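First up is the structure itself, then whatever we jot down about it.
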Amino acid sequence: MNWGSMFASPLRGNAELRALEPHHAEEFFAHLDRARTHIAPWVGTSFVAGDLDAARVVLQRYADGQAADRQRLYGIWLDGVLVGGTMFVGFDPALGVCEIGCWLEPAAEGHGLITQVVRTMIDWAFRVRGLSRAEWRTLSGNVRSINVAKRLGMSLDGTLRQSVPGADGLRHDKQVWSVLAAEWPRSVQPDGRGADVKPELDRLTRAFLSAFANTGGRRPNLDVIREVFIPEGMIIKNVGAEPVIYDLEAFVGPREKILTDGTLTEFSEWEVAERTEIFGSIAHRFSEYRKSGFLNGEWFEGSGRKTTQFVRTPAGWRMSSMAWDDVR
């Protein structure tokens, strides 16, 4: 993707990413009116424009920043409506450092759009522009933003205590997260034909992990497991003295129970690093993941590794087997 000059880039579902430019001022201002109350606590006051002229000023500021190779601004459209966006708040090729920010209307949350876009932005900054460090700064109370940093495999560098004055008259802490180019996962397609396949394998992996989520009262959708695997799929738990081998039904049943009977609540699992190899009609992915939730009322956090095999079928790519081992 060419982040310098871009018309539109499709995201999942009916969403797409485009450069957000001064000629979008009316659409941008209408979006801000819908989102103002929701995003005001988390973004700079100068960004939440109070009138159309101020909206034009915001967009022109970023357009000037892009021309100087210092900033970039992108909008996210869902079903043709501007619902949020992401930006390079700062972009310094000389220092090799960038800072990324984001915002969304409530209606667009929960679709994984921000994580998808920010992952691509970091990848571009490291691999195309040769930067060394990407930063993510967020108020300590912004749980959604912190979770994005975690999903991207970022590390918490520290907390700037009471560094941000709030509209409530109080001062608030800001967290600084970062990831380095040396830490950023690389995908490998040894046969040179995997560029068009990798996004599909990414989608299958995200679908598998998100099937278990029951955060915010959401009901897990474990039927997805049957959709992303071939019917003869095998899942292996290699935690303990001996591996435990499941077919799909043996795997899904017990997990659906604990995710819906109150045993395991506010659970989510996300990939933080991966290496993917694609050879013709077969592929392999080695992943690092993290997870968290309440187990029997007690908060826990964990991590581990997965190895996943994929095969191309007449219906498209599917998982054929998976094995995992938790970090102990």
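The values are calculated or read from the model by the stated rules, or taken from the named source; none is laboratory data. Since this is a predicted model, take the numbers as computed values, not measurements. When we count neighbours, we look across all protein chains shown, and the Cβ atoms used for this are built from the backbone with ideal geometry, even at glycine. Heavy atoms of the whole protein, side chains included, go into the accessibility calculation; ligands, DNA and RNA do not. Shrake-Rupley method; radii C 1.70, N 1.55, O 1.52, S 1.80 Å.
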Index of the failed condition, ASP33 passing every other in (1) open to solvent by 50 Å² or more (accessible area, probe 1.4 Å); (2) touching a Leu at 6+ places or on another chain (Cβ under 6 Å)
(2)
Scan of region 77-103 for residues that are open to solvent by less than 20 Å² (accessible area, probe 1.4 Å) and of a type outside the set (Val, Ile, Thr), ordered by number
TRP77, LEU82, GLY84, GLY85, MET87, PHE88, PHE91, GLY96, CYS98, GLY101, TRP103
Across region 36-54, what is the number of residues that are assigned to a helix (DSSP H, G or I) and modelled with pLDDT under 80?
3
Can you pull out the residues in region 247-267 that are of a type in the set (A, V, I, L, M) and without any contact (Cβ under 8 Å) to a residue 40 or more places away in the chain?
LEU248, ALA250, VAL252, ILE258
Taking region 112-147 and the residues there that are among the aliphatic types (A, V, I, L, M) and farther than 22 Å from GLY96 by Cα, the one that is most open to solvent (accessible area, probe 1.4 Å) would be VAL143
Filtered residues of region 281-311 (kept if open to solvent by 30 Å² or more (accessible area, probe 1.4 Å), free of Cβ contacts under 8 Å to residues at least 40 places away in the same chain and charged (D, E, K, R))
LYS291, GLU298, GLU301, ARG305
In region 53-91, what residues are free of Cβ contacts under 8 Å to residues at least 24 places away in the same chain and acidic (Asp, Glu)?
ASP53, ASP64
Return the residue satisfying two criteria in turn: it lies in region 244-280 and is within 26 Å of the chain's Cα centre (by Cα) and of a type in the set (S, T, N, Q), and of such residues it is least open to solvent (accessible area, probe 1.4 Å).
THR276
What's the total number of residues in region 148-182 that are touching a residue at least 60 places away in the same chain (Cβ under 8 Å), out of contact with any helix residue (DSSP H, G or I) (no Cβ under 7 Å at 6 or more places or on another chain) and open to solvent by 30 Å² or more (accessible area, probe 1.4 Å)?
2
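Yes or no, residue by residue, for (1) among the basic types (Lys, Arg); (2) outside any helix (DSSP H, G or I):
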{"residue": "ARG56", "(1), (2)": "yes, no"}
{"residue": "ALA63", "(1), (2)": "no, no"}
{"residue": "TRP77", "(1), (2)": "no, yes"}
{"residue": "GLY110", "(1), (2)": "no, yes"}
{"residue": "ARG129", "(1), (2)": "yes, yes"}
{"residue": "TRP136", "(1), (2)": "no, yes"}
{"residue": "LYS150", "(1), (2)": "yes, no"}
I'm told TYR74 meets every condition in (1) of a type in the set (Ser, Thr, Tyr); (2) surrounded by fewer than 20 Cβ atoms within 10 Å (Cβ to Cβ); (3) in contact with a Lys or Arg (Cβ under 9 Å, 6 or more places away or on another chain) except one. Can you identify the failing condition by its number?
(2)
What are the pairs with Cβ atoms under 9 angstrom where one residue, in region 220-236, is open to solvent by less than 40 Å² (accessible area, probe 1.4 Å) and the other, located anywhere, is charged (D, E, K, R) and part of a strand (DSSP E or B)? Sequence gap at least six, or different chains.
VAL228/ARG318; PHE229/ARG318; ILE230/ARG318; GLY233/ASP247; GLY233/ARG318; ILE235/ASP247
Among strands (runs of 3 or more DSSP E) entirely within region 187-298, at least 3 residues that are of a type in the set (Asp, Glu) and modelled with pLDDT under 95 occur in 264-279
For region 199-219 the number of residues that are open to solvent by less than 70 Å² (accessible area, probe 1.4 Å), farther than 17 Å from ARG290 by Cα and either among the small types (Gly, Ala, Ser) or in contact with a Pro (Cβ under 6 Å, 6 or more places away or on another chain) (or both) is 0
